[in-house]
1. Mind checking which of 68, 13, 24 has the largest fluctuation in a GNM of the chain, springs on alpha carbons under 10 Å?
2. Mean residue ellipticity at 222 nm from the helices of the chain, using -39,500 (n - 2.57) per DSSP H segment of n ≥ 4 over the full residue count, to the nearest 500 deg cm²/dmol?
3. With the chain treated as a Gaussian network of Cα nodes joined by springs under 10 Å, which of 28, 43, 134 yields the largest mean-square fluctuation?
4. Rounded to the nearest Å, what's the spacing between the alpha carbon centres of segment 1-41 and segment 99-145? Just the number, please.
5. Which one, 135, 111, 51, has the greatest fluctuation when you compute a Gaussian network model over the chain with C-alpha springs under 10 angstrom?
6. Mind pulling the angle between the C-alpha long axis of helix 121-134 and the longest principal axis of the chain? Nearest 10 degrees, somewhere in 0 to 90.
């Protein structure tokens with residue numbers, strides 16, 4: 001399965017509620033073999049008093065004309081950033097959709113325990129790794145390049 005970014009990538013900047021630092025968000029479709037496969041939202045935090053990290057939500061499901069086709073959506077998420085005892089950033093499963101309202105787009109928001117048991121976990125890691133490597137905002141924020 002060949003993953004590619006969709007043509008409609010968007011970004012937005014807003015302010016962190018906890019420290020007033022900027023947050024940069026990127027979102028887009030990830031296509032598999034040319035067809036919409038998942039949507040990701042990546043928030044890149046520039047905290048003034050904590051580690052700089054990125055939180056990536058990935059939504060899988062049917063991509064139809066609107067919410068009436070989204071009844072099968074399921075969301076995973078990870079935090080990517082510094083981890084004690086490691087020289088490079090690491091990804092850790094977290095609860096999906098924490099920065100987004102509940103609704104049909106995010107569907108079932110998995111917490112860490114549920115994500116670890118879900119049949120699409122390896123698919124999530126493949127998409128999140130793809131986003132880390134190919135979204136310029138996320139890659140630059142996490143790896144400084």
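1. 68
2. Counting only the DSSP helices, I get -5500 deg cm²/dmol.
3. Comparing 28, 43, 134 in a Gaussian network model of the chain, the most mobile one is 134.
4. 10
5. Comparing 135, 111, 51 in the GNM, the peak value goes to 51.
6. Tilt relative to the chain: about 60 degrees.
FYI, it's all coordinate maths here, none of it is from the lab. Just so it is clear, the structure is predicted and the values come from calculations on it, not from any experiment.
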